[in-house]
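**Student:** A single structure is presented below for examination.
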Amino acid sequence: MTTLTRRVLWTAAMLAAALGCAPALATDAFPSKPIVLVLPFPPGGSFDPILRALGNAAGKELGQPVVLMHKPGAGGVTGTAGLATMTEADGYTLALMHNSVIRQPLIAKATWDPLKDFTYVIGLGSLSTGIAVAADAPWKTLPELLADAKARPGIVSWGNVGAISANRIYAERLGRSAGVKFNMIPFKGGSEAFTALIGGHLDVYGDPGFGPMASSGKVRLLATMTEHRLPRWPQVPTLKELGHDLVVQSNIGLVAPKGLPPEITERLHAALRKATEDPDYKRLCNEFDLAPALLDPPAYKAYAQAQFQREKTMLDEIGFKPE
């Protein structure tokens, strides 16, 4: 074998080895800069501390900070929907996914598809929805509230975030079930709605995130929209117990733009799943009644597909016509 031949063979072997290692090196290099986590609600809501704790813990696993960025709008849809039109699927932008985003194309014209235009990274948990009034409100039970609302049609105000959010839809369904009509008041986020509730500017608010307000005695929890009574609030009945067959299933998780490479998806999922074991994160989930419901990427996408069909059925039931 000549010297030239040996050099050619050595060069070819080194090139093959380099090409073979390229994907691994690229994967090992991720992440090389901070990751942005888009929160599609205004600052101050229940998601703030929960996702901040998750991001802090995940950042330690990833070796790069996870930075929260607030992008509110359209009842929590705008910020997450922005990822559907991004061309950079590099793992450096994540967003909170929730049912209002999955529902959006069913209620208004959208240029994106929640089932095709996102990479589902991890399912985190299931939100617990409760019906709350101010601590000094005259209603001690939900039947008392409904009786008053029936006697004064359109007077008792009910806060909602987004025109067709789950809390708005279920409030309307509860009204139909009880034969009452509430005065629906829109808010930009839960923090704003709870402030109005405590300040006496709003009568009722039915949404997640009530935990700290209820435990501090600032609001009174009349009922929950869960399948069973919550362990932290065993004295509070569910709507089903009170004769209204209404249960809100509201899982949340994190998504990335579509086309995220599988190895980066797995890297993010593994770090985020590990981060859910962080004591601060677990404490805040308990405080805000976020029940753990960890889902891997395929399972989370399957949830989104099933939820899309549930949302369609629910909107059909209330006779909603898309814009």
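**Student:** What is the residue count in the stretch 130-140 for residues that are loosely packed, with under 14 Cβ neighbours inside 10 Å and closer than 15 Å to Gln235 by Cβ? Talk me through it step by step, then tell me what you get.
**Tutor:** Keep residues of the stretch 130-140 that are loosely packed, with under 14 Cβ neighbours inside 10 Å, which gives 136, 138, 140.
Right, trim to closer than 15 Å to Gln235 by Cβ and you get 140.
Result for the stretch 130-140: 1.
**Student:** For the stretch 193-212, give me the residue count where each residue is under 22 Å from the mean Cα position of the chain (by Cα), surrounded by fewer than 23 Cβ atoms within 10 Å (Cβ to Cβ) and over 12 Å from Asp289 (Cα atoms).
**Tutor:** The total comes to 1.
**Student:** Right, Asp48: among the acidic types (Asp, Glu) and within 20 Å of Tyr300 (Cβ to Cβ) or not? Spell out how you get there, then give the answer.
**Tutor:** Values: among the acidic types (Asp, Glu): yes; within 20 Å of Tyr300 (Cβ to Cβ): no.
The answer is no for Asp48.
**Student:** Could you tell me how many of the residues in the stretch 53-85 are under 15 Å from Leu254 (Cβ atoms) and either crowded, with 16+ Cβ neighbours inside 10 Å or β-branched (Val, Ile, Thr) (or both)?
**Tutor:** Initially, the stretch 53-85 is screened for residues under 15 Å from Leu254 (Cβ atoms), giving 53-59, 61-62, 66-69, 71, 76, 79-84.
If we keep only those that are either crowded, with 16+ Cβ neighbours inside 10 Å or β-branched (Val, Ile, Thr) (or both) as well, we get 53-59, 61-62, 66-68, 71, 76, 79-84.
The number of residues fulfilling the criteria is 20.
**Student:** Quick one: is Leu127 over 14 Å from the mean Cα position of the chain (by Cα) and either aliphatic (A, V, I, L, M) or in the same structural domain as Asp289 (by TED's automatic domain parsing) (or both)?
**Tutor:** no
**Student:** Which members of the stretch 150-188 meet the condition of being assigned to a helix (DSSP H, G or I), of a type in the set (Lys, Arg) and surrounded by fewer than 16 Cβ atoms within 10 Å (Cβ to Cβ)?
**Tutor:** We begin by selecting, within the stretch 150-188, every residue assigned to a helix (DSSP H, G or I); these are 150-151, 166-178.
So of that shortlist, the ones also of a type in the set (Lys, Arg) come out as 150, 168, 173, 176.
Scanning the stretch 150-188 gives Lys150, Arg176.
**Student:** Could you give me the residue pairs with C-beta distances under 7 Å whose first residue belongs to the stretch 294-323 and is over 30 Å from Ala270 (Cα atoms), whose second residue is surrounded by fewer than 13 Cβ atoms within 10 Å (Cβ to Cβ) wherever it lies, and which are 6+ apart or on separate chains?
**Tutor:** Glu323/Lys109
**Student:** Here's something else I'd like to know. Taking Pro153 as meeting all but one of (1) farther than 23 Å from Arg310 by Cβ; (2) not assigned by TED's automatic domain parsing to the domain that holds Pro208, write down the number of the exception.
**Tutor:** Answer for Pro153: the failing condition is (2).
The values are calculated or read from the model by the stated rules, or taken from the named source; none is laboratory data. Small disclaimer: the values here were computed from a predicted structure and weren't measured. In this analysis, Cβ positions are derived from the backbone assuming ideal geometry, glycine residues included, and neighbour counts consider all displayed protein chains.
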